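Here is the structure we will look at.
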Amino acid sequence: MTDISKLGEFGLIHRLTDGIKIKNSSTLKGVGDDCAVMHYPDKEVLMTTDMLMEGVHFDLTYIDLQHLGYKAAMVNISDIFAMGGTPRQMTVSLAISKRFSVEDMEMFYSGLQMACDKWNIDIVGGDTTSSYTGMAISITCIGEADKEDIIYRNGANDTDLICVSGDLGAAYMGLQLLEREKHVYYQQVEEAKKKNDKNALKMLTDFQPDFAGREYLLQRQLKPEARGDVIENLRKMNIKPTAMMDVSDGLSSELMHICEQSGCGCRVYEKNIPIDYQTAVMAEEMNMNVTTCALNGGEDYELLFTVPIGDLDKVRQLDDVKLIGNITKKEYGLQLVARDGNEFELKAQGWNPLA
């Protein structure tokens, strides 16, 4: 394993970024100078930034650095798609402690590169520094869109249809599964230490949880996908959403954002919320309400969007998109229509990173 300090900042950057090929004509200069240079003559520029902190946003007990790099890139790419844009460039800044080697960072960058290659994105710069409190990741993604194609959160109107791609709650149940197995592992380690059982401790170094039948949940948590395919399908069908967000903090929280900024209410039908079979089984196993998981879990990175009611027939032809409700007047509030027909106030209980 190579000590990062022996390479130095510039040596590390060169090793991680050497061989990156420019894919976009808007990228005039990428890594290797004081600034990246980009040119957008006839487009609006979109920019989003996410910061991910070890112990808050990710746990290296159960996510390897390659998957972490992939996920860190995808959550930013998803934001560009959620505005109706096309991602083009990315900058990556890292704060790392001495416990990480050069090879560790190469694994992280290989995950980043896989995500960027999938959507033809250029990595054009960033920064590296040391950390005394764990790993910190800051990623900025830059995209483009024609002015008329940009989709904001504040455009939903009364009678609009509410749609969501994919299924919800699987990433959250994947996290619950990983946390449960981590707890079991550390509990066994503590018991072995108390008994001073060296053989048990040695065996635990090869501890492998049994995730058979739960692979989809793990994939949704560890390797999320930005839904650029949905954006492409919307364009092919000539559907222009009136409002859109990606589901990062939970369906209920994202719906509240759209309704607050659009000055409207909504009715969402519990029976229409898309939930995968593995999610339902895992929720039952953990004695959790699966609808609550789907509403509040977060990290699905599916697209939540509203469209005019006149697009109903077009929406029904979209693959992997579900109609879950409709926009109402503001005075009707945010309502969840249960399977039995009763209505309840929909509250934003999604993930809050500052809580």
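The values are calculated or read from the model by the stated rules, or taken from the named source; none is laboratory data. Note that this is a predicted model, so its numbers are computed, not measured. Here the Cβ is made from the backbone with ideal geometry for all residues, glycine too, and neighbour counts use every protein chain on show. The protein model used for the area step is the full one, side chains on, heavy atoms only, and it has no ligands, DNA or RNA in it. Shrake-Rupley method; radii C 1.70, N 1.55, O 1.52, S 1.80 Å.
Points worth noting:
- None of Gly85, Gly111 is under 29 Å from Asn154 (Cβ atoms) and either buried (at least 16 other Cβ atoms within 10 Å of the Cβ) or at pLDDT below 95 (or both) except Gly85.
- Lys118 meets all of the listed conditions (1) at pLDDT below 95; (2) among the basic types (Lys, Arg); (3) within 28 Å of Leu65 (Cα to Cα) but one, namely (1).
- Single condition Ala171 does not satisfy, out of (1) open to solvent by 30 Å² or more (accessible area, probe 1.4 Å); (2) within 24 Å of Pro274 (Cα to Cα): (1)
- Filtered residues of region 121-136 (kept if in a strand (DSSP E or B) and surrounded by fewer than 17 Cβ atoms within 10 Å (Cβ to Cβ)): Asp127, Thr129, Ser130
- Scanning region 1-56 for residues that are in a strand (DSSP E or B), at pLDDT below 70 and either of a type in the set (Val, Ile, Thr) or farther than 26 Å from Lys98 by Cβ (or both) yields Lys29, Val31, Asp33.
- Residue match in region 144-157 (condition: closer than 28 Å to Glu302 by Cα, touching a helix residue (DSSP H, G or I) at 6+ places or on another chain (Cβ under 7 Å) and open to solvent by less than 50 Å² (accessible area, probe 1.4 Å)): yes
- Residue within region 65-87 that is closer than 19 Å to Met135 by Cβ, without any contact (Cβ under 8 Å) to a residue 24 or more places away in the chain and among the basic types (Lys, Arg) present: no
- Filter result (open to solvent by 30 Å² or more (accessible area, probe 1.4 Å) and in contact with a Leu (Cβ under 7 Å, 6 or more places away or on another chain)) within region 239-269: Met256
- For region 291-313, a residue qualifies if it is in contact with a Ser or Thr (Cβ under 6 Å, 6 or more places away or on another chain) and either more than 29 Å from Ala72 (Cα to Cα) or open to solvent by 40 Å² or more (accessible area, probe 1.4 Å) (or both), and exactly one does: Ile309.
- Glu148 farther than 30 Å from Gly263 by Cα, in a helix (DSSP H, G or I) and among the charged types (D, E, K, R): no
- Across region 57-79, the number of residues qualifying as closer than 19 Å to Val102 by Cα and of a type in the set (Phe, Trp, Tyr) comes to 1.
- Applying a threshold of 9 Å to beta carbon distances and a minimum spacing of six or more residues, or different chains, the list of pairs starting in region 141-164 at a residue that is without any contact (Cβ under 8 Å) to a residue 24 or more places away in the chain and over 18 Å from Lys314 (Cβ atoms) and ending at one that is open to solvent by 10 Å² or more (accessible area, probe 1.4 Å) and assigned to a loop (DSSP other than H, G, I, E, B) reads Glu148/Lys240.
- Within region 88-108, the set of residues being among the hydrophobic types (A, V, I, L, M, F, W, C) and either touching a strand residue (DSSP E or B) at 6+ places or on another chain (Cβ under 6 Å) or modelled with pLDDT under 95 (or both) comprises Met90, Val92, Leu94, Ala95, Ile96, Phe100, Val102, Met105.
- Meets criteria (free of Cβ contacts under 8 Å to residues at least 60 places away in the same chain and on the phi < 0 side of the Ramachandran plot) for Asp249: no
- Elements of type helices (runs of 4 or more DSSP H) in region 243-308, at least 2 residues being farther than 22 Å from Gln221 by Cα: 251-262
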